[in-house]
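So the structure is just underneath, and the comments pick up after that.
The values are calculated or read from the model by the stated rules, or taken from the named source; none is laboratory data. The structure displayed is predicted, hence computed values, not measured ones. Every residue, glycine among them, receives a Cβ derived from its backbone with ideal geometry; neighbour counts consider all protein chains shown.
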Amino acid sequence: MAVASPPKRKAPERKRPRISVTVPAWLLDHVDRYLEEQPESDRSAVVSEALRMWYAERLKNQIRDGIIANREMVDPEEAAYWEALRRYNWELKLRNWK
């Protein structure tokens, strides 16, 4: 009599894609030292936070440079700040041009 095998379980799908990152050894040492003090965190969390910060900075620069036309993608206060700064700089240029 053959012994029935258990049903095969489908591997859970990842909610987030997996990536591989190469970093300088000195930087990884700093991350690992940070993680010794933050046991609830891990390298993936550090990389995710770094990418979020990179993306936020990129959006700010695009707003500053007037590249983003769809302001709904950005915090309204942030967009207003950059618009005021752009106007101020333009007025300075006009004053100095005269």
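Which fully enclosed helices (runs of 4 or more DSSP H) of the chain have 2 or more residues being within 16 Å of the chain's Cα centre (by Cα) and modelled with pLDDT of 80 or more?
So the answer is 43-64.
Are there any pairs, at least 6 apart or on different chains, whose C-beta atoms fall under 8 Å, with the first in the range 35-60 and acidic (Asp, Glu) and the second in a helix (DSSP H, G or I) and surrounded by 13 or more Cβ atoms within 10 Å (Cβ to Cβ), and if so, which?
Going by the 8 Å Cβ cut-off, the qualifying pairs are Asp42/Leu35.
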